[in-house]
Amino acid sequence: MCRHLGYLGPRTSVGGVLTAGDHSLRVQSYAPNDMRGGGTINADGFGVAWWQDGSVRSYRNPMPIWTDPAVDDVLPQLESTSVIAAVRSATVGMPVERSACAPFTDGRWAFSHNGVVRGWPHSLTDLWSEVPPVDALTLPAPTDAAAVWIVLRQLLTRLEPQAALATLVRRIEERAPGSRLNFLLGDGENMYATAIHHALSVRRSDDAVTIASEPTDDSDWTHIDDRSLVVATASEFTVSRLDEEEHT
């Protein structure tokens, strides 16, 4: 069920974030190591978001990442200090189209969901009752990830990111037990990630932090325990138990 990756650090090639390492995100699209029973490959599109002059930009394609020449020819020419990218394995019954590919963006935010919401769409009906009609009518795509993003976007208007993610996880789990909820959220200066029934790892170098569903190389990665929340800047990251996060 998808793979994603986030980078914070010195200005770097956007395309390089997708292809760096022996087990890069591009490699994970066709040869993932730890899908946890959620599919076999991630060939239903990909996307990448980066920040430029304080604004988030994105590129998405519903085709497999290994088929897109822009990954090697265009994206390497772009540079950013923060990048979030994802390759997609569509849940059965959900559309394979550009609008369904993460990252989803709005304002300064970019968001990716690695997993599945059990019982969607019925399991999210009451959460959606709290979403303003205009947001419901402009849902990016008819998928669980897009719906989760709209709910999270509302939570971010009144809660800090850590509390918003913890609240979102709790409320989905109450309605859809067994959901896989690895979320990755960034604003260009910070990244926030959850690990719920899916793999997640973090690598910190002297001046950069990378969060990924799977390590992209054999360097020193920290494997994140289930039910954890990661908060990262370019210089450090912290890990806490989601159950300990204050939420409403």
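Kindly indicate whether any position in region 139-162 is closer than 30 Å to S129 by Cα and in contact with a Lys or Arg (Cβ under 7 Å, 6 or more places away or on another chain).
First, pick out the residues of region 139-162 that are closer than 30 Å to S129 by Cα: 139-162.
Checking which are in contact with a Lys or Arg (Cβ under 7 Å, 6 or more places away or on another chain) leaves us with none.
Scanning region 139-162, I find no residue that is closer than 30 Å to S129 by Cα and in contact with a Lys or Arg (Cβ under 7 Å, 6 or more places away or on another chain), so the answer is no.
Of the residues V116, V74, V131, which is free of Cβ contacts under 8 Å to residues at least 40 places away in the same chain and either open to solvent by 30 Å² or more (accessible area, probe 1.4 Å) or under 19 Å from A166 (Cα atoms) (or both)?
Working: V116 fails: free of Cβ contacts under 8 Å to residues at least 40 places away in the same chain; V74 fails: free of Cβ contacts under 8 Å to residues at least 40 places away in the same chain.
Result of the check over V116, V74, V131: V131.
Take the residues in region 83-104 that are in a loop (DSSP other than H, G, I, E, B), in contact with a Pro (Cβ under 9 Å, 6 or more places away or on another chain) and over 18 Å from V17 (Cβ atoms); name whichever of them is least open to solvent (accessible area, probe 1.4 Å).
If we take residues in region 83-104 being in a loop (DSSP other than H, G, I, E, B), in contact with a Pro (Cβ under 9 Å, 6 or more places away or on another chain) and over 18 Å from V17 (Cβ atoms), then S89 is least open to solvent (accessible area, probe 1.4 Å).
Suppose the filter is under 20 Å from E174 (Cα atoms) and not aliphatic (A, V, I, L, M); does D126 pass it?
Yes, satisfied.
Among the residues of region 14-39, which ones are in contact (Cβ under 8 Å) with a residue 12 or more places away in the chain, closer than 22 Å to T91 by Cβ and assigned to a loop (DSSP other than H, G, I, E, B)?
Passing the criteria: P32, N33, D34, M35, R36, G38, G39.
Please enumerate the residues belonging to region 40-70 that are aromatic (F, W, Y) and surrounded by fewer than 18 Cβ atoms within 10 Å (Cβ to Cβ). Explain how you work it out, then say what you get.
If we filter region 40-70 for residues that are aromatic (F, W, Y), which is where we start, we get 46, 50-51, 59, 66.
Within region 40-70, W66 is the sole residue that qualifies.
Anything in region 134-154 that is open to solvent by less than 10 Å² (accessible area, probe 1.4 Å) and farther than 13 Å from T194 by Cβ? List them, or say none. Spell out how you get there, then give the answer.
We begin by selecting, within region 134-154, every residue open to solvent by less than 10 Å² (accessible area, probe 1.4 Å); these are 141, 143-144, 146-150, 152.
If the condition is that a residue be open to solvent by less than 10 Å² (accessible area, probe 1.4 Å) and farther than 13 Å from T194 by Cβ, then A141, T143, D144, A146, A147, W149, I150 are the ones that fit.
Among the residues of region 61-82, write down those that are assigned to a strand (DSSP E or B) and in contact with a Gly (Cβ under 7 Å, 6 or more places away or on another chain).
Narrowing region 61-82 to residues assigned to a strand (DSSP E or B): 61, 79-82.
If the condition is that a residue be assigned to a strand (DSSP E or B) and in contact with a Gly (Cβ under 7 Å, 6 or more places away or on another chain), then N61, T81, S82 are the ones that fit.
Cβ-Cβ distance below 7 Å, separation of 6 or more or different chains: which pairs start in region 150-177 with a residue that is in a helix (DSSP H, G or I) and end on one that is among the polar types (S, T, N, Q) and open to solvent by 20 Å² or more (accessible area, probe 1.4 Å)?
T167/T248
From (1) open to solvent by less than 40 Å² (accessible area, probe 1.4 Å); (2) closer than 30 Å to P177 by Cα; (3) outside any loop (DSSP other than H, G, I, E, B), pick out the condition that doesn't hold for T125.
T125 satisfies every listed condition except (1).
Scan region 20-28 and give yes if some residue there is open to solvent by 30 Å² or more (accessible area, probe 1.4 Å), farther than 19 Å from I211 by Cα and in contact with a helix residue (DSSP H, G or I) (Cβ under 6 Å, 6 or more places away or on another chain), otherwise no.
Checking region 20-28: not a single residue is open to solvent by 30 Å² or more (accessible area, probe 1.4 Å), farther than 19 Å from I211 by Cα and in contact with a helix residue (DSSP H, G or I) (Cβ under 6 Å, 6 or more places away or on another chain).
The values are calculated or read from the model by the stated rules, or taken from the named source; none is laboratory data. Model, not experiment: these values are computed from the prediction. Please note: Cβ atoms are built from the backbone with ideal geometry, for glycine as well, and neighbour counts cover all protein chains shown. Remember, those area values only see protein heavy atoms, side chains included, never the ligands or the DNA or RNA. Shrake-Rupley method; radii C 1.70, N 1.55, O 1.52, S 1.80 Å.
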